[in-house]
Amino acid sequence: MKKKPWQILESKAIYENAWIRVREDKVLNPASKEGIYTTVHFKNKAIGIIPLDEENNTYLVGQYRYPLNEYSWEIPMGGGKIGNDILESAQRELLEETGLIAQKWTNICRIHTSNSVTDEEGHIFIAQNLTQAQAQPEDSEDLCVKKLPFKEVLDMVMRHEITDSLSIAGILKVAILLGIRN
């Protein structure tokens, strides 16, 4: 579609910090009725990495997620400043969270994480030809890293033990690329 069905009548930022900006727009919706639409703009791109070794083992990162008030198993991930090279951001995040360095990188997915409320864009990479170095987690991260066969990680998705959207999208895409079924 070329026509934009929403018309913005007025726009104002209602909250902003170092990571997000929340904007409220007065709009005419596709039915030409007035309303409001609130959007969360992320100041970083979401970057996810699925490290794969020669035996198709991968690494998950476990951590407590404050907004959910629960522990979460996820692929290594983080944020990359908009405008920065996403591959460099992925390499930094993999080293930070797992201590892994990869020689081969493949961007396998571009994702919008929740496009009804946010413009957040994510990218998912496969990282291969791995060597182990020292992890460098941020001060706010209390991480547990575990190495598992990729098939087991796919099974965790299917059992709803992994619920993070970036992780699920990446794991399912890699499963298709590798021809692995649960």
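The values are calculated or read from the model by the stated rules, or taken from the named source; none is laboratory data. Quantities reported herein were computed from a predicted structural model and do not represent experimental measurements. Virtual Cβ from ideal backbone geometry, glycine too; neighbours counted across all protein chains shown.
Some observations on this one:
- Breaking point among (1) under 12 Å from the mean Cα position of the chain (by Cα); (2) surrounded by 13 or more Cβ atoms within 10 Å (Cβ to Cβ), for S114: (2)
- The lone exception for E152 - which of (1) touching a residue at least 12 places away in the same chain (Cβ under 8 Å); (2) under 19 Å from T98 (Cβ atoms); (3) in a helix (DSSP H, G or I) it fails: (1)
- Residue match in region 123-139 (condition: under 27 Å from R23 (Cβ atoms), touching a residue at least 24 places away in the same chain (Cβ under 8 Å) and out of contact with any His (no Cβ under 7 Å at 6 or more places or on another chain)): yes
- Residue list for region 79-113, filter: part of a strand (DSSP E or B) and closer than 16 Å to A169 by Cβ: T106, N107, I108, C109, R110, I111, H112
- Scope region 43-72; condition among the hydroxyl-bearing types (S, T, Y) and closer than 21 Å to D139 by Cβ; matching residues: Y64, Y66, Y71, S72
- For region 70-85, filtered to residues that are of a type outside the set (A, V, I, L, M) and surrounded by fewer than 16 Cβ atoms within 10 Å (Cβ to Cβ), the residue that is nearest to D155 (Cα to Cα) is Y71.
- Applying a threshold of 7 Å to beta carbon distances and a minimum spacing of six or more residues, or different chains, the list of pairs starting in region 98-115 at a residue that is closer than 14 Å to N129 by Cβ and ending at one that is at pLDDT below 95 and not in a strand (DSSP E or B) reads I101/A133.
Yes/no per residue for (1) at pLDDT below 90; (2) assigned by TED's automatic domain parsing to the domain that holds P51; (3) among the hydroxyl-bearing types (S, T, Y):
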| site | (1), (2), (3) |
| --- | --- |
| T98 | no, yes, yes |
| I101 | no, yes, no |
| T106 | no, yes, yes |
| T113 | no, yes, yes |
| S116 | no, yes, yes |
| D119 | no, yes, no |
| I124 | no, yes, no |
| N129 | no, yes, no |
| P137 | yes, yes, no |
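- Taken over region 155-170, the criterion of being in contact (Cβ under 8 Å) with a residue 40 or more places away in the chain, closer than 15 Å to T113 by Cβ and part of a helix (DSSP H, G or I) is satisfied by S165, L166, S167, A169, G170.
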